[in-house]
Amino acid sequence: MAILSGAIVRRVERHSSSVEQCFEVGLLLGIAAYWLPTVLFLILPIWGYLIYRNLFKMRSFVATFVGLAAVAIWIAVLAFFLPESFHFSPFTVHLSLWIPTSAIVFAWLGTTIVRQILRVR
């Protein structure tokens, strides 16, 4: 989900709106955060990438949180109606799983920025 979120954001064309893509990223990271809550920290590099490309607006910021809120509402509703099958994992249980996820995402982000800089030259 994390790499798919990065791929969605990377396809945003210059001089266009990134609101729809930020909503999709919020949805995907919200779904992934059910199992690995630290995935939510990936929003910061994605916003940084959009700021770097001058595609980040206040509407993109809000759209990300609307996507996260949509997932949170659905999980809360399902947990209310099916309490046996939905349990919320503590934040620190899966903290060690963040290491390979962050390594892959930061490597992808670094290569994307370097490729962009080399294309500009």
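The values are calculated or read from the model by the stated rules, or taken from the named source; none is laboratory data. Just so it is clear, the model here is predicted, and its values are computed rather than measured. Cβ: placed from backbone, ideal geometry, glycine included. Neighbour counts: every protein chain shown.
The figures follow:
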item: Ala79, sole failed condition from (1) at pLDDT 80 or above; (2) over 21 Å from Ile113 (Cα atoms); (3) small (Gly, Ala, Ser); result: (1)
item: Residue in the stretch 25-32 that is modelled with pLDDT of 85 or more, over 22 Å from Ile75 (Cα atoms) and within 13 Å of the chain's Cα centre (by Cα) present; result: no
item: Sole exception among (1) surrounded by 15 or more Cβ atoms within 10 Å (Cβ to Cβ); (2) at pLDDT below 85 for Ile43, by number; result: (2)
item: Residues satisfying the stated conditions in the stretch 1-42, i.e. among the β-branched types (Val, Ile, Thr) and in contact (Cβ under 8 Å) with a residue 24 or more places away in the chain; result: Ile3, Val9, Val12, Val19, Val25, Ile31, Thr38, Val39
item: Any hit, the stretch 97-108, residues being modelled with pLDDT of 80 or more, surrounded by 14 or more Cβ atoms within 10 Å (Cβ to Cβ) and assigned to a helix (DSSP H, G or I); result: no
